[in-house]
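For reference, the structure is listed below as C-alpha cells.
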Amino acid sequence: MSELIRIGMAQINPVLGDIEGNVNKIVETIEHAIRTKVELLVFPELTITGYSPQDLLFNARFIRANLEGLKKIAGHVPNELIAVVGFIDKVDDKIYNGAAIIRNGQIIDKRFKTLLPNYDVFDEKRYFSSAEANYPVPVSVNGKSFLLGVEICEDLWDADSDVKITRELAEQGTDLIVNLSASPFEHNKRAVRQQLILRKIQDLKIPFVLVNQVGGQDEFVFDGNSLALDSTGAVIAWGKEFIESLTSFDLDIKSGKGAPVELPSVRKEESIYRALVLGVRDYFRKTGCRKAVLGLSGGIDSALVACVAAEALGAGNVTCVSMPGHFTADMSNKDAGIIAKNLGVNLLTVPIGNIANAYDKELSSIFAALEADVTEENIQARIRGNILMAIANKFGYYVLSTGNKTELALGYCTMYGDMAGALAVISDLSKSDVYAVSRYVNEKNGKEIIPERVFERIPSAELAANQVDPFDYEVVSPLVDLIINDQKSGDELVKMGYDRTLVRDILNKIRLAEYKRRQAAPGLKVSGKAFGIGWRYPIINYFKE
C-alpha cells in the first residue's frame with residue numbers, strides 16, 4: 001500500500017545578516033507551502049542567517065537574534081506540516097551549524113552538521129563544533145510516520161572522511177534523507193552533486209533530497225539546482241538554476257519511489273553567464289547600490305562585463321566610459337560605441353591624452369634622461385582608474401573592474417588602474433572562457449552585441465605604440481588554468497608537453513603577482529579555485545618549483 005507524502009524544496013535567496021528579512025521570507029514560503037498542501041518543507045543551510053556569516057559568529061547578539069528568529073518561524077508551522085530550517089545553535093560554549101525540525105509551533109528536534117569543510121573558501125572549523133552523533137528523527141504528519149535523516153551540506157561529501165553520515169543514517173532505518181546545502185556554483189557542480197547522491201542511493205536504496213541556496217553573497221554565487229532522487233536513483237524533482245523557487249513533489253514514503261522528471265541539460269557558457277549576472281545583481285541589490293560604471297575599451301573583456309552589467313542591473317543603470325589615449329586605435333573607439341549602442345547603456349567619452357601629457361610634464365625633471373617604459377603605460381591605466389572612481393564617487397555608483405583570471409594570475413594588470421573597483425566581474429574567467437562566454441552572449445541575443453572583429457583582433461592594452469599583449473593566450477590561458485584550477489606542478493606540466501622554460505616563467509609570474517592580487521577587488525567565483533578568500537598564498541615567498 002502506497003503512502004504519499006508531499007515534499008517541498010524551498011530554494012530561497014537569503015541576505016546575510018538580515019535575520020528579520022530572512023525570517024519573513026521563510027514565513028512567506030511556509031504559508032505558500034501550506035496553500036499547496038506540502039507536508040515536509042526543507043530549506044537550505046543556515047537559512048535564517050545566510051551563508052557564510054564568518055566572524056559574525058563571534059557576536060553573541062547575532063546568534064541570539066537568529067534563535068529568536070527561529071522561534072518566530074516555529075509559530076507559523078501548523079500541525080499539518082514539518083519544516084526543516086537551517087540555523088545556528090549554541091550549546092554551552094559550542095556553536096553548531098544546525099537544522100531545526102519544526103511541527104505544530106514546536107521545535108521537535110535538532111540536528112547538527114558533522115563534517116565541517118575547512119578547505120578552499122570554507123573555514124568552518126574556525127567557528128563550529130561537529131555533531132557528536134547522527135541518528136534519524138522520528139516524525140509524523142497527517143497520520144504518516146517515518147524516520148527522517150537530516151544532513152547538512154558537507155555531510156554528503158564524505159569520500160575523505162572516516163565518518164559516513166548517510167550510511168550511519170541508513171543503517172538506523174532512515175526512510176528519507178534530506179540535505180540542507182549552501183553549495184557554491186561551479187559550472188559542473190549540479191552533475192557532481194547528482195552523482196554523489198546517486199552513488200549513495202545505489203548503495204543504500206534510500207530516497208534523497210538536497211535543497212541548495214540560491215543567490216549572490218560577496219564572492220559566492222549559489223546556483224540552487226536543488227535535487228530529489230528516489231530510491232531507484234531517478235530524479236523526481238529539480239529546483240531550477242539561479243532562480244528562487246518552491247518545488248513540490250510526491251514521494252511514496254513506503255517504497256521510496258516518485259514520478260521521474262526530465263533534468264534539462266546545462267551548457268557551461270550559459271551557466272557561467274547566468275552566474276555572473278546573478279552575482280552582479282545581488283552584489284548591488286544587497287549592498288544597496290543601484291548603478292555601475294566601467295571602462296569600455298572596445299576589447300573583449302570590458303565588452304563582456306558591460307553585457308553582464310546591463311542584464312543584471314538594467315541598461316539604464318549602467319554607464320560605460322570610453323577613455324581614448326594617444327595609442328588608442330580608431331577601431332577601439334568605434335567598437336566601444338557599437339557595444340554601448342547595442343546594449344542601450346549610457347556612454348561617456350573622456351580623453352586622457354592631455355592628462356597623460358600633464359603627468360609627463362610634471363615628472364620630466366624626476367625622470368630626466370630615462371627612457372619611457374611601463375611606468376608611463378601604467379600612468380595611463382591609473383588615469384583611467386581615477387576617472388572611473390571620480391564618476392563613481394560623484395554619482396554614487398560602483399566601479400566594475402574588467403580584468404580576467406589569466407591576466408590577474410600573471411600580474412598583467414595595473415594596481416589602482418584597471419584593477420580598481422568594487423567588484424571584479426570576470427576575475428575567475430580565463431581568457432579562453434571570456435571568449436566562449438562572449439560568443440554565447442551574441443548567440444543568446446541572436447545578433448552581434450559584441451562585433452565580430454572584437455573576437456578577431458589581437459588583444460592589446462593600447463598603452464604604447466604597436467603594442468599587443470605579450471602572451472599567446474591559446475597556449476597560456478589553459479596553462480594558467482592547469483596551474484590555478486587543477487594545481488598541476490611544473491614537472492606534471494612538462495610531462496603533458498608544455499615547454500619547461502615557459503612553465504617556469506608562468507609559475508614565476510604567478511608567484512610574483514601575489515601582492516597585486518591581495519589588493520584586487522573581490523571577484524565572483526565560478527570555478528573550483530578562484531583568487532580571493534579561497535587562495536591563500538604568502539606575498540613574501542621564495543619557494544620555486
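Details
- Considering only residues in the stretch 125-143 that are touching a residue at least 40 places away in the same chain (Cβ under 8 Å) and outside any loop (DSSP other than H, G, I, E, B), the one that is farthest from LEU156 (Cα to Cα) turns out to be VAL141.
- The helices (runs of 4 or more DSSP H) falling completely within the stretch 290-363 that include 3 or more residues that are modelled with pLDDT of 95 or more and surrounded by fewer than 19 Cβ atoms within 10 Å (Cβ to Cβ) map to 330-343, 353-363.
- For the stretch 256-276, the set of residues classified as assigned to a helix (DSSP H, G or I), farther than 30 Å from ILE352 by Cβ and not small (Gly, Ala, Ser) consists of LYS268, GLU269, GLU270, ILE272, TYR273, ARG274, listed by residue number.
- Test result for LEU524, touching a residue at least 60 places away in the same chain (Cβ under 8 Å) and either under 26 Å from the mean Cα position of the chain (by Cα) or crowded, with 18+ Cβ neighbours inside 10 Å (or both): yes
- Each residue in the stretch 104-120 was checked for being assigned to a strand (DSSP E or B) and either surrounded by fewer than 22 Cβ atoms within 10 Å (Cβ to Cβ) or at pLDDT below 95 (or both), and 5 pass.
- Considering residues of the stretch 1-25 that are under 20 Å from ALA228 (Cβ atoms) and aliphatic (A, V, I, L, M) only, the residue surrounded by the fewest Cβ atoms within 10 Å (Cβ to Cβ): LEU4
- Odd one out for VAL261 among (1) within 20 Å of the chain's Cα centre (by Cα); (2) not assigned by TED's automatic domain parsing to the domain that holds LEU156: (1)
- Filter result for the condition that a residue is closer than 23 Å to TRP157 by Cα, more than 16 Å from the chain's Cα centre (by Cα), crowded, with 21+ Cβ neighbours inside 10 Å and small (Gly, Ala, Ser), over ALA237, ALA191: ALA237
- Among the residues of the stretch 121-149, those identified as among the charged types (D, E, K, R), under 26 Å from SER52 (Cα atoms) and surrounded by fewer than 16 Cβ atoms within 10 Å (Cβ to Cβ) are LYS125, ARG126, GLU132.
- Taking residues in the stretch 76-88 that are modelled with pLDDT of 95 or more, and partners anywhere that are buried (at least 24 other Cβ atoms within 10 Å of the Cβ) and acidic (Asp, Glu), the pairs with Cβ atoms closer than 6 Å and at least 6 places apart or on different chains are GLY86/GLU45.
- Complete set of residues in the stretch 65-103 that are in a loop (DSSP other than H, G, I, E, B) and of a type in the set (Gly, Ala, Ser): GLY75
- Check on LEU16, part of a helix (DSSP H, G or I) and modelled with pLDDT of 95 or more: no
- Of the candidates GLY256, GLY215, GLY239, the single residue that is in contact (Cβ under 8 Å) with a residue 24 or more places away in the chain and in contact with a Gly (Cβ under 7 Å, 6 or more places away or on another chain) is GLY239.
- Residues (touching a residue at least 12 places away in the same chain (Cβ under 8 Å) and surrounded by 13 or more Cβ atoms within 10 Å (Cβ to Cβ)) located in the stretch 194-204: GLN194, LEU196, ILE197, LEU198, LYS200, ILE201, LEU204
- Residue within the stretch 473-490 that is in contact (Cβ under 8 Å) with a residue 60 or more places away in the chain and among the small types (Gly, Ala, Ser) present: yes
- Residue match in the stretch 166-187 (condition: out of contact with any Ser or Thr (no Cβ under 8 Å at 6 or more places or on another chain) and at pLDDT below 95): no
- Matching residues, the stretch 30-57, being surrounded by fewer than 22 Cβ atoms within 10 Å (Cβ to Cβ) and hydroxyl-bearing (Ser, Thr, Tyr): THR36
- Residue within the stretch 368-376 that is in a helix (DSSP H, G or I) and either touching a helix residue (DSSP H, G or I) at 6+ places or on another chain (Cβ under 9 Å) or outside the structural domain of LYS405 (by TED's automatic domain parsing) (or both) present: yes
The values are calculated or read from the model by the stated rules, or taken from the named source; none is laboratory data. Computed from a predicted model, the values in this text were never measured in an experiment. Virtual Cβ from ideal backbone geometry, glycine too; neighbours counted across all protein chains shown.
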